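The structure appears below as structure tokens.
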Amino acid sequence: MSSQFVMTSILPPSPISPTVNPIQLILPNLPNLPNLPNLSLMPDMPKAYEPGAHEDQVYKDWEQSGFFNPDNLPGERKEPFSMVLPPPNVTGTLHMGHATMLAIQDLMVRFERMRGKKALWIPGTDHAAIATQSKVEKLLIEGGMKSPRHTLGREKFLDEVNKFAQESHDTIVNQCKKMGSSLDWSREAYTLDAERNHTVNVAFKKMYDDGLIYRGYRVINWDPLGQTTISDIEIIYKEVEATLYTFKYSKDFPIAISTTRPETKVGDMAVAVNPKDARYKQFVGMTFGNIPFAGTTISIKVVADDSVDPEFGTGALGVTPAHSLIDADIADRHGLTLKQVIGEDGRMNEVAGPLVAGKTTKEAREIVASWLKEQGLIEAEEKTIQNLATAERSGGTVEPLPKLQWFISASKEFDRDGKKATLKTLTQDAVRSGKVKITPERFEKAYFQWVDNLRDWCISRQIWFGHRVPVWYRKVGKVGEVREVGEETFVGTSAPEGDGWVQDEDTLDTWFSSGLWTFSTLGWPEKTNDLKTFHPTSVLETGYDILTFWVVRMVSMTTYLLGEVPFKEVYLHGLVRDEQGRKMSKSLGNIINPLDMIAKYGADATRLSLVIGSTAGNDVKLSEEKVAGLRNFTNKLWNISRFVLTTVGAQALGVRPEATGTTLADRWIMSRFEETVSKTVRFLENKDYSAAGETLREFTWSEFADWYLEIAKIQRTDATLLVSTDANLRFILNGIIRLWHPFMPFVTETIWKEMGEKGMLIIEPYPTSSGARDEEAEAQFETVRSVITSIRAMRADYKVEPAKEIVAVISAGAQAELLEANASLIRRLARVGELTIAADAAKPEGSMSAVGTGFTIHIPLAGLVDMAKERTRIEGEIASARKYIDGTEAKLTNKEFVGKAPEKVVAEMRAKLAEAQLKLSALEVQLKAL
RNA sequence: GGGCGGUUAGCUCAGUUGGUUAGAGCGUCACAUUGACAUUGUGAAGGUCACAAGUUCGAGCCUUGUACCGCCCACCA
């Protein structure tokens, strides 16, 4: 029974929380009030946003709403958006890399959900076969058990692993929720649960029946420490120092060879030379038999093979077919037999001869080397750097050796749509045809580099934790007559009928089941509604480091089994590094735990820190300061809302105000809002999340909070502007809360509640914009803003107390009317008591001046103005203006520039020149006046 | 050995098909602060865009080369 160790329990239903949010006690009392709010009903918002006080409750509310499940979403939603969560390994807890993935994916799915799509994001975990089993084994050994597998036996050992996996799973689920992930828990899957086991078995059987899966006796990567085979990509190369010996097998042998592993030479079957190598041509085809070598006897054939580099070493390669993957290939081409001299325990076996039998390879290496020395066979001995193959999980030194294993063929041909295809060509075509788009595009190269060299994939593992190979064997033969006449094989989704069947002991590589993930989670092989609606999935978002491990395999297996791609797009994020760019690791002690960050700064700030400042495919450097900085922003957003809600009120939020009768500032902020919406949406559609976030932050903080809110305070003192100003404040607040939601779901949903909105923000429509801007208002407001900023700068320059009112005279030419119309803003925001604005105003005695584009500001500061300092400053400004004018004039008098540059560029430059000249003459006037 | 990135302010990074006097956040400095917010406000300083040559009217951006840093693949036996 393969299901005995399958984990089925997934998740208890969320209990309905007995706690009642105090805010909800107030809000139902908010009827449709007349325009002026009743202050006593205003929400009582604390001064600072405390994430810990809201996040868990908000998440529970979302879960209870059922909106994570697309079947429950309101309205008619036709277009699907689907995504699978790359299942985290049940080996422990989530790290910042997982947090990044959750932040980006949740952003994607919330955005699409708000845009009215049938949005589905499927959660799940990966049993991570070798990784989990070795982790549990290690823990048991640390706990005092010497040989856990031996002591416990298969069933009890698996109980331990499953227990650990369950605990890990619970932790992971909790962490996903803490991050605010809007995952549809009702569809949660596990790569090793009963349904996925069925999928795996069906897939295995189909591929076996089609000849894509086969069993073969071949040289594989053996991990003597983990006691299992591993695939090529589970190998990590480490540089170690080694001795390269050059020697002859015997005095009479005509060719010398080199090796760093003399002990394997007792298994040599041939010497390979390049066919073009004149030195050895005469020996090709000859066999030298009965060579006494290190206590045994070997027989060496000289073969010619193109893969041998005549320039390297002696130009001859000793072929050890059983213990080198390359040699195995050569042996295969020349029909040499595999002579296994190293056993699965990593020691030399009987075949290796009495001199080394039973010794470890390391011991044997010394023994054979001394034997060679004694015999005087060594011609050279030198130190080199060798890339030692080690197993990713156990750290053991990988020993290539021949073994009967299960493989998936990359090159077996089959018919696909009337054409010949292989797994390799299917995988290549998926990306080449554009059916799968990889973002960033440059990773397509890495994809092809891997796929073009796709080799047969060894999928069987000698571990217990995993999907057991769905193959049964039975000895065939008449009892009592001949033993083991043959073996009968049965491949199926469950055990065959009849007696004597024994299931294959091995389990499958964990990537076999994860390769089926996009459709195993949707009910395949049944033709479910989910599969029809949501497959192929819209996008796969994952780290670039598992492109080859996982993405390639998903494309291979899905295109083969389903005849369609697993996803339309792959979006790859970078790795999270520390502030110095180092990988986060336990040994460096630089790990930032996402849960710590959430506890300290909130989930929203943590998410934002992983999204802002990171671009597709590039690593993110994370520091606690960055998270803290973004926590400040969440608090800013909270306080913006607090201001609007407590002073203006919550009514009529979201209703677009009438444009008539509004001020320049009103027109400006509405225009900026339109621009912000269209830019944000465009960036989100292009998956440029950092740019979207920065656009929003810029608008929220630098435009809405710093300028419009301050102006609103002034406008609200004017009874004729009160209603329209409030309407604007509400509308824009409502808009930014929606815009921010996919980035910062908790604080925005909390504010939404404070606003007294009935439904939940999670399903509100995302703002849209025609992109129509009021360019006149933007330009005019820019002038007003620039006047205010200039006055503030002058004050700061002369250390005038911010509260103190000053006198200002502005000479503004054609812009005098505009500034006059906004004089009250200038007075209040720049703290000007007596303000004179004229087309051409004279400079008062003893004043300092600042020249802007189209205006000059004078501030009389009797006795305070340092004339020498003023002169230096103005001279400096004149110098830079001259330099600019000279450069620009040079360009404009250059016929080639005027002739070849686009008209628009030339016209812009002329306008800039005129502006600069105007400024220069104004500066010169100022200098003279001094 | 093959390939892919990167090098822009003290730090972390943007910079869209080449076109204003290169931007942001953090940090720094100065000033301020009981009415949304010190998790704040206002203002300022700070850059030969790694280096060299080339293409172009024009280069942070394109080409070639050099240097340094990081990663992936191969595994020379």
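The values are calculated or read from the model by the stated rules, or taken from the named source; none is laboratory data. Keep in mind the model is a prediction, meaning the values are calculated, not measured. Don't worry about glycine lacking a Cβ; one is built from the backbone with ideal geometry, like all the others, and counts go over all protein chains shown. Side chains are part of the model used for accessible areas, which takes the heavy atoms of the whole protein and leaves out ligands, DNA and RNA. Shrake-Rupley method; radii C 1.70, N 1.55, O 1.52, S 1.80 Å.
Only Cα pairs under 8 Å and 6+ residues apart enter the sum, and on that basis the relative contact order of the stretch A:413-503 stands at 19 percent. The simple spin-label model puts a point 7 Å past each Cα toward its Cβ; for A:T93 and A:R154 those points are separated by 3.5 nm.
Rounded to the nearest 20 debye, the dipole magnitude of the stretch A:848-930 is 140 debye, with +1 charges on Lys and Arg beta carbons, -1 on Asp and Glu beta carbons, and the Cα centre as origin. Fully extending the segment from A:K437 to A:K891 would add 159.1 nm, taking 0.36 nm per residue of separation and subtracting the current Cα-Cα distance. Farthest towards the positive end of the charge dipole of chain A, among the residues A:I612, A:I367, A:P525, is the Cα of A:I612, using unit charges on the Cβ of Lys, Arg, Asp and Glu.
Tally Lys/Arg at +1 and Asp/Glu at -1 over every other residue whose Cβ is under 11 Å from the Cβ of A:K424; what's the total? Residues close to A:K424 contribute a combined charge of -2. Taking amide hydrogens as placed 1.01 Å from N in the peptide plane, the amide H of A:I220 sits under 5 Å from those of A:L401, A:K403, each at least 5 positions away in sequence or on another chain. Scalar couplings 3J(HN,Hα) for the stretch A:525-536, obtained by applying the Karplus form with A = 6.51, B = -1.76, C = 1.60 to θ = phi - 60°, are x, 5, 8, 7, 5, 4, 4, 5, 7, 10, 10, x Hz; x denotes Gly and Pro. Sparse packing (at most 15 other Cβ atoms within 10 Å of the Cβ) combined with a DSSP loop state is found for the following chymotrypsin sites (Phe, Trp or Tyr not before Pro) in the stretch A:291-382: A:F312. Sorting A:E889, A:E541 by accessible area puts them as A:E889, A:E541; the probe is 1.4 Å, largest comes first, and only protein heavy atoms count. Annotation for A:E908 and A:Y217: the two label points, set 7 Å from Cα along the Cα-Cβ direction, are 7.4 nm apart. Ordering A:P860, A:I874, A:A901 by the projection of their Cα atoms onto the charge dipole of the stretch A:837-930, which places +1 on the Cβ of Lys and Arg and -1 on the Cβ of Asp and Glu, puts A:A901 at the extreme positive end. Which of the listed residues, A:A823, A:V800, A:S921, is farthest toward the dipole's positive end in the stretch A:787-930, when Lys, Arg count +1 and Asp, Glu count -1 at the beta-carbon? The Cα lying farthest towards the positive end belongs to A:V800. Around A:K117, under 10 Å between beta carbons, what's the net of Lys plus Arg minus Asp minus Glu among the other residues? Cβ neighbours under 10 Å give a net charge of +3.
Relative to the longest principal axis of the Cα atoms of chain A, the long axis of helix A:867-893 makes an angle of roughly 60 degrees.
Between A:E379 and A:E350, the FRET efficiency estimated from the beta carbon spacing at R0 = 30 angstrom works out to 0.50.
Taking every protein chain into account, the accessible area of chain A amounts to 45 square angstrom per residue (probe 1.4 Å). Magnitude of the charge dipole for chain A, about its Cα centre and with charges confined to Cβ atoms of Lys, Arg (+1) and Asp, Glu (-1), is about 540 debye.
Counting 0.36 nm for each residue step from A:A821 to A:L927 and taking away their Cα separation leaves a gain of 35.2 nm.
Dipole size of the stretch A:180-232 about its Cα centre, with +1 on Lys/Arg Cβ and -1 on Asp/Glu Cβ: approximately 220 debye, rounded to the nearest 20. When the surface is traced with a 1.4 Å probe over the full set of protein chains, A:K621 keeps roughly 120 Å² accessible. The value of relative contact order for chain A, using C-alpha pairs under 8 Å at least six residues apart, is 13 percent. Summing +1 for each Lys or Arg and -1 for each Asp or Glu among the other residues whose beta-carbon sits under 11 angstrom from that of A:K435 gives 0.
For A:K419, a cut-off of 25 angstrom between C-alpha atoms picks up these lysines, skipping any fewer than 8 places away in its own chain: A:K205, A:K206, A:K435, A:K437, A:K568. The value of relative contact order for the stretch A:233-309, using C-alpha pairs under 8 Å at least six residues apart, is 29 percent. With the simple spin-label model, which puts each label point 7 Å out from Cα in the Cβ direction, the A:L575 to A:K276 separation comes to 4.0 nm. For the stretch A:93-221, the C-alpha radius of gyration divided by 2.2 N^0.38 Å, with N the number of residues, is 1.37. With no solvent and one equal point scatterer per Cα, compute the Debye intensity ratio I(q)/I(0) for the stretch A:789-870 at 0.14, 0.16, 0.22 Å⁻¹ and report its log10, rounded to two decimals. Relative scattering, expressed as log10 I(q)/I(0), comes to -0.41, -0.54, -1.05. Taken as Cα centroids, the stretch A:271-329 and the stretch A:559-632 sit 51 Å apart, rounded to the nearest whole angstrom.
If r is the Cβ-Cβ distance from A:S623 to A:N72 and R0 is 60 Å, what FRET efficiency results, to the nearest 0.05? Efficiency computed from Cβ-Cβ geometry: 0.90.
Computed from phi, the 3J(HN,Hα) profile of the stretch A:114-123 under the Karplus parametrisation 6.51, -1.76, 1.60 (θ = phi - 60°) reads 5, 7, x, 8, 7, 9, 10, 10, 9, x Hz, with x in place of Gly and Pro. Given R0 = 45 Å, the distance between the Cβ atoms of A:L722 and A:R682 translates into a calculated FRET efficiency of 0.80. Seen against the Cα atoms of chain A and their longest principal axis, helix A:129-142 is set at about 80 degrees. Database remark: amide H of A:G617 closer than 5 angstrom to the amide H of A:L572, A:H573, A:G574 (H placed geometrically; neighbours at sequence offset of 5 or more, or on other chains; Pro and chain starts carry no H). Figure note: A:I326, A:I546, A:I257 ranked by solvent-accessible area, largest first, 1.4 Å probe, ligands and nucleic acids not counted: A:I326, A:I546, A:I257.
Once all protein chains are placed together, A:F288 keeps about 50 Å² accessible to a 1.4 angstrom probe.
Per-residue accessible area (protein heavy atoms, 1.4 Å probe) orders A:T646, A:T695, A:T93 as A:T93, A:T646, A:T695, starting from the largest. Karplus-derived 3J(HN,Hα) values for the stretch A:614-628, using 6.51 cos²θ - 1.76 cosθ + 1.60 with θ = phi - 60°, are 10, 10, 3, x, 10, 5, 10, 9, 10, 10, 4, 4, 5, 5, 4 Hz; glycine and proline are entered as x.
Our estimate of slack between A:R416 and A:Q64, defined as 0.36 nm per intervening residue step minus the Cα-Cα distance, is 122.1 nm. Taking amide H as placed 1.01 Å from N in the peptide plane, A:M584 has its amide H under 5 Å from the amide H of A:D578, each at least 5 places away in sequence or on another chain.
Rolling a 1.4 angstrom probe over the stretch A:653-787 with all protein chains present gives an accessible area of which 48% lies on carbon and sulfur atoms.
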